[in-house]
Structures are given as structure tokens and as C-alpha cells.
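Visitor: My questions will all concern the structure given below.
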Amino acid sequence: PIQIIYQDGDTVTFSVSQVWKRCGDGKDTDHAAGIHWLAKGGELQCVVKSNIVGCGQLDMYTAQCENGYSVVDLYANDGGNIFQSPEEKVFVPVACGGTVSPESDPKKLCHFRYILKCMPGPCEDA
């Protein structure tokens, strides 16, 4: 769901796409996502996208790099088929309001972490 668009060493621009839930089978349901990253200037940012129906790109963002990398956390609630055990708790950061959707069930929430390189590798320049 994360694609690097541009890297310059200080920042990395990336896009987020919804690909985790029933793409193209005609059974799309409303779901939500929270995208959490360190923005340019060092400020923690979170964007919550609600009522996502269907698949495809949600948006593009630019993250600040530290030591050559940037961390992007994606919190996804599909409203249906993800069931966390009571021992496995996913905590959404305060910058995201502590949830990706007020009506979301925490047992149906997944956390994905992406480590993005801030400089392209030798084969990525082509």
C-alpha cells in the first residue's frame, strides 16, 4: 500500500493506496485508515481517511528523514474480517485521535509499519 514517489535524502514523498480489503470483487465495504509519519519540519502528522470504499490511491505525503530513513505507520480498520486476540492490542497514536474511526472495533484494527529509504539505491535511478 506504500509507494515511494520521490527521495532527496532529507525527505521522502510517498503515496498510500487501499489494497488490503476486497479489491474489485464487488463486496467493498466502508473502512478507515490512519496514516502516521514525521512530516517535513519534524512535526508528527496523522491523516485519517474514513468511509473508504473501493481500492486505489488515497493520497500522497512527504516525510522528514532521520539517519537516511523515515517510518510510516498505517492503521487500517476494515469493519469486518480482522479479529485481534484480546492479548494483541493495536494502539493508534494520539496524533490520529487515538482511533481511525469513532465506531471502530479495536479487535478489527491492523497496524502496518513501513521503513522508507530516503535515498534511491544504485538500481533505482534508472
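Visitor: I'm checking my understanding of the structure. Among residues of segment 58-79 that are touching a His at 6+ places or on another chain (Cβ under 8 Å) and small (Gly, Ala, Ser), which one is modelled with the lowest pLDDT?
Guide: Filtering segment 58-79 down to residues touching a His at 6+ places or on another chain (Cβ under 8 Å) leaves 72-79.
Now drop any that are not small (Gly, Ala, Ser), which leaves 76, 79.
On the way: Ala76: 81, Gly79: 61.
The selected residue is Gly79.
Visitor: So in segment 98-120, with the set limited to residues that are at pLDDT 75 or above and not in a strand (DSSP E or B), which one is surrounded by the fewest Cβ atoms within 10 Å (Cβ to Cβ)? I'd like the intermediate steps shown before the answer.
Guide: So the first thing to find is which residues in segment 98-120 are at pLDDT 75 or above, and the list is 109-120.
With the extra rule that they be not in a strand (DSSP E or B), the set shrinks to 118-120.
On the way: Cys118: 19, Met119: 13, Pro120: 15.
Filtering segment 98-120 for residues that are at pLDDT 75 or above and not in a strand (DSSP E or B), the one surrounded by the fewest Cβ atoms within 10 Å (Cβ to Cβ) comes out as Met119.
The values are calculated or read from the model by the stated rules, or taken from the named source; none is laboratory data. Owing to the predicted nature of the structure, the values given are computational and were not obtained by experimental measurement. Positions of Cβ are backbone-derived with ideal geometry, glycine not excepted, and every protein chain shown enters the neighbour counts.
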